[in-house]
Amino acid sequence: MADGPDTALAPMGSVYRTQVGREATEPMREDIRLLGAILGDTVRDQNGDGVFDLVERARVESFRVRRSEIDRAELAGLFRDIDVHQAIPVIRAFTHFALLANVAEDIHRERRRAVHEAAGEPPQDSSLAATYRKLDHAQLDAGAVADALTGALVSPVITAHPTETRRRTVFDTQHHITELMRLRLHGQTRTDNGRDIETELRRHILTLWQTALVRLSRLKISDEIETGLRYYPAAFLDVIPRVNAEVRTALQERFPGTALLAEPILRPGSWIGGDRDGNPNVTADVVRLATGRAAFTAFAHYFGEITALEEELSMSARLVRVSAGLEALADACAEPARSDEPYRRALRVVHARLTATAARVLDRQPEHELDLGLPAYDTPAQLLEDLDVVDESLRANGSAVLADDRLARLREAVRVFGFHLSGLDMRQNSEVHEQVIAELLAWAGVHPDYASLPEDERVTLLAKEIGTRRPLIGPGADLSELAAKELGIVAAAARAVQVFGREAVPNYIISMCQSVSDMLEAAVLLKEAGLLDVSGAQPYAPVGIVPLFETIDDLQRGSSILEAALDVPVYAAAVAARNGHQEVMLGYSDSNKDGGYLAANWALYRAELELVESARKTGIRLRLFHGRGGTVGRGGGPSYDAILAQPPGAVKGSLRITEQGEVIAAKYAEPRIAHRNLETLLAATLESTLLDTEGLGDLADSAYAVLDDLAARAQRAYAELVHETPGFVEYFKESTPVSEIGALNIGSRPTSRKPTTAISDLRAIPWVLAWSQSRVMLPGWYGTGAAFEQYVGGDDAKLEVLRDLYRRWPFFRTVLSNMAQVLAKSDLGLAARYSELVADEDLRARVFDKIAAEHERTVRMHGLVTGQDDLLADNPALARSVFNRFPYLEPLNHLQVELLRRFRSGEQDELVQRGILLTMSGLASALRNSG
């Protein structure tokens with residue numbers, strides 16, 4: 001499989017053209033040719049000339065489709081009635097090519113950055129170097145900077161429902177291939193141990209070919225936990241401490257005397273094992289497993305680093321001086337063989353005390369145990385104190401260069417990872433809380449029918465319960481399975497806080513939060529588990545209560561709900577116990593599914609503005625948690641641009657953001673890429689906090705009014721299709737693989753919250769994933785074209801208003817840029833093939849014609865507003881990807897349609913279903929942000 005002929009991009013069914021510079025892309029194309037040729041050789045060797053010839057013919061015909069030399073139907077005919085035993089290796093071939101193309105693109109990004117740096121060009125936006133230049137130019141007041149960054153936090157949160165379809169072996173093999181291609185990037189033909197690089201590439205690609213891509217059984221939560229944790233040894237354990245140290249040093253040098261970022265700014269989080277919203281598989285045992293396995297990962301890292309330090313710090317007391325503190329620490333280890341090696345003895349003491357700590361807190365012990373009969377550490381701060389003693393002695397006696405190496409990294413790691421590794425958020429739906437609280441109140445004799453109470457009476461009753469230490473439930477309570485399970489889960493969270501520290505479970509998130517009582521119900525559950533006590537002089541609230549506003553209506557009422565909650569004295573006391581910190585989560589996915597792309601984006605912006613104002617009035621320190629998915633339809637898109645597009649005051653040094661699906665691997669699978677992406681989050685957070693990035697000035701109110709108008713029009717157009725068109729749900733189910741997504745073993749949770757067919761109950765991931773598989777990408781654009789066209793109405797002055805907003809307003813520019821990415825990945829010609837799966841011809845024509853008309857309208861209006869005929873004019877990296885990659889997706893789409901047709905007509909061959917799942921996996925990997 002080699003790269004296709006040189007040509008400008010002209011996909012069937014699209015009205016745009018993308019020219020890709022030959023000189024800039026040739027090295028990447030060469031990498032793609034090499035990897036594709038090796039894959040082709042592997043296919044021929046393993047599956048014979050017949051399969052190879054079919055793959056090669058499909059590849060050539062796909063490029064002919066792109067050049068409009070043949071009709072798409074001719075390519076589809078190639079796979080009509082194909083033997084499924086032959087279809088499977090063809091699907092696998094194009095799926096593997098997608099994986100290898102990902103490698104080539106990642107390597108090319110590194111190559112381009114190196115070219116820019118070698119040319120002495122200024123650092124690129126989204127790098128910390130560029131951000132530091134902007135801060136220097138702004139001449140900021142050090143005191144103001146210190147205040148703005150008080151309590152600063154940037155936290156990527158790995159979520160519990162990934163669309164990451166790659167198995168661990170595939171993940172590891174792709175990493176090996178990346179390393180080999182990186183060596184080629186630097187001109188090497190052999191590995192460090194003398195092996196021929198091309199031969200090694202062939203070996204790993206053969207391993208990839210002989211490894212099954214999809215699982216035969218659904219992921220268990222324990223599998224998801226391990227999947228999420230694998231990014232720590234792969235990248236996070238090394239990169240996060242290093243980045244924290246780099247940014248702290250850089251800021252303290254620029255603003256001396258401020259002690260900026262004394263606490264690590266970059267701290268990861270997780271939902272995996274704590275998010276039970278609609279996932280009945282989360283139990284108390286799962287919470288214990290998730291927190292325990294995370295802690296084990298941290299301890300295993302510390303043991304490995306301390307063991308290595310014992311080997312490295314071999315200095316003899318006969319040759320070096322040590323501090324009195326170091327001597328005192330070393331004296332606890334009386335091993336005669338190390339009597340003149342004080343650093344080694346000191347580290348043996350640390351090692352032994354950490355062993356005792358692990359024995360006390362972990363269910364499973366790491367390697368490198370050392371028992372010297374010494375006491376355990378009670379807190380990570382005590383471990384850090386001992387490591388600081390070693391550091392201070394080295395620096396005081398001429399060995400700072402040693403202190404700045406592994407020891408410095410370990411100390412930074414302990415600061416950020418503690419004994420817990422990452423904070424595990426709890427999440428549950430407000431409806432479940434209501435049921436459980438009603439049962440507890442009835443059992444305790446407080447109220448027989450809580451659910452019947454109006455909101456004000458609920459708030460009064462709940463506030464009274466929160467204000468007393470009396471528990472509702474005793475040990476012998478006879479509870480329903482649901483109530484017992486929920487209390488068990490919260491009790492397991494309380495244990496994690498007690499054992500690993502309060503950072504182990506930092507937040508309790510309330511999905512579909514629509515009232516003050518929804519927030520107070522969660523508070524009662526926390527109180528029952530001992531995680532909330534505001535009845536005495538020393539309030540205790542280690543776990544923050546976080547409302548999640550998801551629908552457009554809830555986003556619009558979010559600030560009023562928060563202010564009303566803060567008016568309840570017991571809730572205000574809980575926030576005060578957390579130094580005034582209040583986190584609010586914003587749901588990108590469900591707001592989009594509820595109201596469409598433009599309406600959701602504007603509702604989020606408006607909600608942030610109002611929450612910022614609420615924080616100003618009430619004096620709380622607000623932190624916003626952005627529930628973004630990988631796709632634009634779920635809040636995705638370039639993180640740097642998205643953060644800079646936040647309204648004034650919305651960041652203030654703190655940002656939490658969910659990371660999901662195949663996007664996690666794309667961002668964090670290995671150290672260099674992880675460093676770059678984490679740096680991007682930090683750069684954008686610093687700029688949004690310290691600089692004026694909105695740029696509207698006195699025009700803000702008029703700009704907001706225009707977006708109010710546009711959002712209402714877009715929501716109306718979206719609702720007319722999705723919520724009001726008769727048969728739309730039927731069309732969606734038949735024209736996409738949404739019904740089959742449940743069989744793709746990529747997550748532990750069901751595809752719907754409830755056993756209904758309503759769009760509102762369908763999870764956002766399958767909603768978006770299904771539309772991306774069918775190449776409609778509807779959640780990322782529908783309704784915007786109609787809104788723009790209606791607003792402009794042929795009035796050039798109104799068109800100029802939109803053009804001016806595009807030029808000056810990062811939010812509006814980012815919305816249109818992200819939409820353009822989706823439109824570039826959509827393909828209405830392929831979507832038409834999927835529509836043929838709809839049995840009702842009248843329904844098919846009615847819905848598809850609406851979608852196609854709005855697609856054309858949206859592309860046209862995007863061009864009028866931006867002045868760009870090329871959808872990807874501002875995104876050359878994606879332009880390269882579309883140019884080099886998309887013809888290879890075409891066969892996967894056609895084969896998916898063919899196999900869906902057979903499966904739905906009753907063909908029972910297990911390979912048919914497996915083929916569908918393989919096409920879904922291949923398309924998800926190739927599109928890189930499909931769910």
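Restricting attention to segment 115-139, which residues are free of Cβ contacts under 8 Å to residues at least 60 places away in the same chain and of a type outside the set (S, T, N, Q)? Write out each step before concluding.
Narrowing segment 115-139 to residues free of Cβ contacts under 8 Å to residues at least 60 places away in the same chain: 115-124, 129, 133, 137, 139.
Passing the criteria: V115, H116, E117, A118, A119, G120, E121, P122, P123, A129, R133, H137.
Here are some conditions: (1) touching a helix residue (DSSP H, G or I) at 6+ places or on another chain (Cβ under 6 Å); (2) within 29 Å of Y132 (Cα to Cα); (3) surrounded by 21 or more Cβ atoms within 10 Å (Cβ to Cβ). V286 meets all but one. Which one does it not meet?
It is condition (2) that V286 fails.
Please indicate, with yes or no, whether at least one residue in segment 29-39 is under 23 Å from N875 (Cβ atoms), at pLDDT below 85 and surrounded by fewer than 16 Cβ atoms within 10 Å (Cβ to Cβ).
No; the residues of segment 29-39 include none that is under 23 Å from N875 (Cβ atoms), at pLDDT below 85 and surrounded by fewer than 16 Cβ atoms within 10 Å (Cβ to Cβ).
With basic (K, R) and more than 23 Å from A564 (Cβ to Cβ) as the only criterion, which of R458, R470 stands out?
R470
What's the number of the condition E431 fails, among (1) surrounded by fewer than 17 Cβ atoms within 10 Å (Cβ to Cβ); (2) in the same structural domain as G587 (by TED's automatic domain parsing); (3) more than 35 Å from the chain's Cα centre (by Cα); (4) assigned to a helix (DSSP H, G or I)?
Of everything listed in (1) surrounded by fewer than 17 Cβ atoms within 10 Å (Cβ to Cβ); (2) in the same structural domain as G587 (by TED's automatic domain parsing); (3) more than 35 Å from the chain's Cα centre (by Cα); (4) assigned to a helix (DSSP H, G or I), E431 misses just condition (3).
Would you tally the residues in segment 389-417 being closer than 22 Å to A332 by Cα and not in a helix (DSSP H, G or I)?
1
Applying the selection to segment 890-915, what residues are surrounded by fewer than 23 Cβ atoms within 10 Å (Cβ to Cβ) and under 17 Å from S925 (Cα atoms)?
R914
Looking at (1) in a helix (DSSP H, G or I); (2) touching a residue at least 60 places away in the same chain (Cβ under 8 Å); (3) surrounded by fewer than 23 Cβ atoms within 10 Å (Cβ to Cβ); (4) among the hydrophobic types (A, V, I, L, M, F, W, C), find the lone condition where L329 falls short.
Result: L329 fails condition (3) only.
Look through segment 342-373, keep the residues that are modelled with pLDDT under 95 and under 20 Å from A328 (Cα atoms), and return whichever of them is nearest to the chain's Cα centre (by Cα).
L370
What number of residues in segment 849-870 are closer than 22 Å to L805 by Cα and either of a type in the set (K, R) or not assigned by TED's automatic domain parsing to the domain that holds T814 (or both)?
2
Find the residue count for segment 46-60, including only residues that are touching a Leu at 6+ places or on another chain (Cβ under 8 Å) and either surrounded by fewer than 21 Cβ atoms within 10 Å (Cβ to Cβ) or β-branched (V, I, T) (or both).
Qualifying residue count for the region: 2.
Working only within segment 600-610, note down all residues that are crowded, with 24+ Cβ neighbours inside 10 Å and either among the acidic types (D, E) or more than 16 Å from A645 (Cβ to Cβ) (or both).
E608
Being in a helix (DSSP H, G or I) and in contact with a Gly (Cβ under 9 Å, 6 or more places away or on another chain) is the filter here; which residues of segment 867-879 pass it? Let's see the steps before the verdict.
Applying the first criterion (in a helix (DSSP H, G or I)) to segment 867-879 yields 876-879.
Within segment 867-879, P876 is the sole residue that qualifies.
How many residues are under 33 Å from the mean Cα position of the chain (by Cα) and either hydrophobic (A, V, I, L, M, F, W, C) or not assigned by TED's automatic domain parsing to the domain that holds T291 (or both) when one looks only at segment 374-386?
3
Can you tell me which of L526, L472 is assigned to a loop (DSSP other than H, G, I, E, B), buried (at least 17 other Cβ atoms within 10 Å of the Cβ) and touching a Phe, Trp or Tyr at 6+ places or on another chain (Cβ under 8 Å)?
Residue meeting the stated conditions: L472.
If A259 satisfies every condition in (1) aliphatic (A, V, I, L, M); (2) in contact with a helix residue (DSSP H, G or I) (Cβ under 6 Å, 6 or more places away or on another chain); (3) touching a residue at least 24 places away in the same chain (Cβ under 8 Å) but one, which is the exception?
(2)
So, E69, is that one free of Cβ contacts under 8 Å to residues at least 24 places away in the same chain, crowded, with 18+ Cβ neighbours inside 10 Å and more than 25 Å from D909 (Cβ to Cβ) or not?
no
Would you mind telling me which numbered condition in (1) modelled with pLDDT of 90 or more; (2) under 26 Å from the mean Cα position of the chain (by Cα); (3) among the acidic types (D, E) E890 fails?
Of the numbered conditions (1) modelled with pLDDT of 90 or more; (2) under 26 Å from the mean Cα position of the chain (by Cα); (3) among the acidic types (D, E), the odd one out for E890 is (2).
Scan segment 524-539 residue by residue and report those that are at pLDDT below 95 and not aliphatic (A, V, I, L, M).
S535, G536, Q538, P539
State the number of residues belonging to segment 761-778 that are assigned to a helix (DSSP H, G or I) and closer than 20 Å to R833 by Cβ.
The number of residues fulfilling the criteria is 7.
With the requirement that a residue be in contact with a Lys or Arg (Cβ under 7 Å, 6 or more places away or on another chain) and either under 30 Å from Q210 (Cβ atoms) or of a type in the set (K, R) (or both), what does segment 67-77 give you? Before you say what the answer is, go through the steps one by one.
Taking segment 67-77 and keeping what is in contact with a Lys or Arg (Cβ under 7 Å, 6 or more places away or on another chain), we get 70, 76.
Correct list: A76 only.
The values are calculated or read from the model by the stated rules, or taken from the named source; none is laboratory data. Computed from a predicted structure; not experimentally measured. Heads up, the Cβs are rebuilt from the backbone with ideal geometry, glycines too, and the neighbour counts pull from every protein chain shown.
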